[in-house]
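Quick note: the coordinates plus some simple rules give every number you see, no bench work behind them. Predicted, not measured: the structure shown is a model, and the values here were computed from it. Cβ: placed from backbone, ideal geometry, glycine included. Neighbour counts: every protein chain shown.
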Amino acid sequence: MNTNKMNTNMNKASCPALFLAAPASGQGKTTITAAIARYFTMQGKVVRVFKTGPDYLDPQILAQASNAHVEQLDMWMAGENYCQQKLYEAALEADLILVEGAMGLFDGEPSSADLAARFNLPIAIVMDVKGMAQTAGAIAIGLANYRDDYECYGLIANNCSTDRHAQLIREALADKLPLLACLKKDETITLPERHLGLVQASEVFDELEEKFTLAGEWLKEGVIRANASSPLFPNTILTLPAPVDFYATELPSVKPLLKGKTIAIARDRAFSFIYQANTRLLEEMGARLVYFSPLTDTQLPETDALWLPGGYPELYAQQLAQNQTIQQQIQQFYQSDKPVLAECGGFLYCLNELIDLDNKHHQMLGLLAGNGSMSGKRGCQGMQKAILPEGEIHGHAHHRSRAIMDMDAMGYGQRQRHPAPGEPIYRDKKLTASYLHLFFPSNPALIANLFTGQLQAVDKEKLNAWQQIAGNQ
């Protein structure tokens with residue numbers, strides 16, 4: 001437990017922290033962040049990990065590695081004050097805070113660099129150096145000095161398997177940047193992946209534990225290879241960085257808008273894309289949460305509202321189709337005009353059928369007139385606001401499927417940086433469904449309206465304008 005918490009300024013907490021970023025996706029950030037988290041956890045340290053951006057899969061891996069829940073940090077989706085408060089709360093209890101970046105260091109608005117700069121988080125650059133030597137040093141030095149509003153802690157050279165390779169990179173860096181570790185390529189450490197990213201942690205729990213066990217020695221060998229213990233640069237990835245000061249901020253008070261309401265949430269291998277921030281908010285608003293499995297359960301819990309979140313229904317479409325009992329109960333719930341929110345995978349589950357990656361057709365709930373099909377590597381991703389009659393709420397899309405609908409949308413998402421309409425949003429009875437994953441804390445009152453069924457009429461004029469723009473794309 002971090003003992004350096006008591007401060008005369010009760011609105012400040014200090015904690016060692018490190019931001020792991022990269023020049024691009026696919027450099028090994030999650031593997032290395034998880035390995036560092038498990039290493040310090042095994043040393044008896046309390047480690048809190050955050051993931052930049054609206055990611056569901058990486059946080060599952062990082063949560064298992066650190067034995068603690070993982071929050072998403074995104075200054076657009078969640079807001080700057082929200083991010084500030086979550087870092088402060090983590091600093092109150094942690095011995096180390098790790099933040100894993102998204103994509104490349106400067107990609108997105110706001111970028112990983114913007115987040116690191118805003119909260120004074122020192123950056124460790126993770127780079128796959130396969131196929132380069134001195135150039136790795138040039139790129140790392142360039143990233144470290146591209147802006148002057150953040151501190152660069154050093155370079156972690158991934159896929160650097162020989163002492164000679166490490167020497168060339170170290171010489172290229174010279175006295176300009178510490179070389180924190182040179183990690184060899186090791187398939188026993190690499191995390192398993194599938195079409196939307198990493199495999200869900202719950203599917204490979206034991207395999208991940210084996211990888212985390214091996215990762216400690218992998219890190220130690222990488223530090224030795226980098227010769228990071230040179231007196232010139234004492235920085236390594238196996239010593240705690242200097243403490244960072246984090247400050248409390250005031251967030252809007254949460255009103256008990258869902259007091260006395262029960263919300264049933266689909267949660268199993270097919271439906272698992274659930275932000276802890278979302279469930280925490282529902283409980284803070286007074287809701288009682290119950291969970292059920294559309295894969296295996298035969299009884300829908302007694303509930304006032306239903307949430308079908310995203311996940312991987314395409315991988316379990318046959319099992320979902322075979323569970324006719326739970327399908328019938330969900331259909332009856334919907335027909336009784338009770339509130340339902342369906343996001344991405346949950347949206348696909350609401351359609352007539354889902355065509356999987358093997359082109360097999362599976363019967364789904366049939367609540368909305370349309371069919372879903374997987375589209376291999378093509379899809380959509382990016383930040384969007386859901387524009388609803390009840391207001392606007394931040395979220396994002398990330399899917400490799402398409403929905404062919406036989407009904408009109410009642411609204412559209414608004415892309416963060418593009419004028420074209422975003423994801424169509426559908427509503428029938430009190431069911432609201434789309435590909436968008438919503439971040440509930442960005443508009444708690446709207447979420448309360450969705451789950452209590454206090455829905456407003458569609459603005460036909462605004463919808464016609466959106467449809468005209470969409471038709472011209």
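Is the shape of segment 1-96 rounded, prolate or oblate, going by the alpha carbon gyration tensor and its root eigenvalues a ≥ b ≥ c, with a/c under 1.5 for rounded and a/b larger than b/c for prolate? Verdict is oblate for segment 1-96.
With neighbours defined as other Cβ atoms within 10 Å of a residue's Cβ, the residues F439, F106, F119 order from fewest to most as F106, F119, F439.
In deg cm²/dmol, rounded to 500, what helix-only [θ] at 222 nm does the chain give when every DSSP H run of at least 4 residues adds -39500 (n - 2.57) and the total is split over its residues?
Working: 13 runs with 143 residues, N = 473.
Counting only the DSSP helices, I get -9000 deg cm²/dmol.
How many angstrom lie between the Cα centre of segment 284-301 and the Cα centre of segment 84-134? Their Cα centres are 35 Å away from one another. Cross-link partners for K261 among the aspartates and glutamates, with Cα-Cα distance under 18 Å and sequence neighbours closer than 8 places in the same chain left out: E283, E284, E302, D304, D337.
Extension gain for E93-E171 works out to 24.2 nm (0.36 nm per residue, less the C-alpha to C-alpha distance).
What's the magnitude of the charge dipole for segment 31-85 around its Cα centre, counting Lys and Arg as +1 and Asp and Glu as -1 at the beta-carbon? Answer in Debye, nearest 20.
On the way: 4 positive and 5 negative charges, 65 e Å.
So the magnitude is around 320 debye.
The magnitude of the dipole of the chain, with charges of +1 and -1 set on the Cβ of Lys/Arg and Asp/Glu and taken from the Cα centre, is near 220 debye.
Is the chain rounded, prolate or oblate when judged by the Cα gyration tensor, a ≥ b ≥ c being the square roots of its eigenvalues, rounded requiring a/c under 1.5 and prolate requiring a/b larger than b/c?
Working: a/c = 1.92, a/b = 1.72, b/c = 1.12.
Prolate.
Take the Cα of N359, step 7 Å toward its Cβ, do the same at Q318, and the gap between the two points is 1.7 nm. Loop-resident trypsin sites (Lys or Arg not before Pro) (DSSP state other than H, G, I, E or B) in segment 393-459 with no more than 14 further Cβ atoms inside 10 Å of their Cβ: R417.
Looking only at the chain, where both bridge partners belong to it, what percent of the DSSP beta bridges are antiparallel (to the nearest 5)? In the chain, approximately 45 percent of DSSP beta bridges are antiparallel ones. For segment 12-245, rounded, prolate or oblate, judged on the Cα gyration tensor with a ≥ b ≥ c (square roots of eigenvalues), a/c < 1.5 rounded, else prolate if a/b > b/c? Cα axes put segment 12-245 in the rounded bin. The length gained by stretching the chain between Q332 and Q134 to full extension, at 0.36 nm per residue less their Cα-Cα distance, is 64.8 nm. Listed by chain and number, the lysines whose C-alpha is less than 26 Å from the C-alpha of K360, apart from same-chain residues fewer than 8 away, are K377.
Scan segment 232-280 for chymotrypsin sites (Phe, Trp or Tyr not before Pro) in coil per DSSP, keeping those whose Cβ has at most 10 other Cβ atoms within 10 Å, and list them by number.
Taking segment 232-280 and a limit of 10 other Cβ atoms within 10 Å, no loop chymotrypsin sites (Phe, Trp or Tyr not before Pro) are found.
Among the lysines, which fall within straight-line cross-link reach of K45, defined as a Cα-Cα distance under 16 Å, with same-chain neighbours fewer than 8 residues apart omitted? The reachable lysines, counting only those whose Cα sits under 16 Å from K45, are K5.
Note on the chain: dipole from Cβ charges, positive end direction compared against L431, A305, A448; the farthest Cα belongs to A448. Among M407, M374, a tally of other beta-carbon atoms within 10 Å of each Cβ gives an order, fewest to most, of M407, M374.
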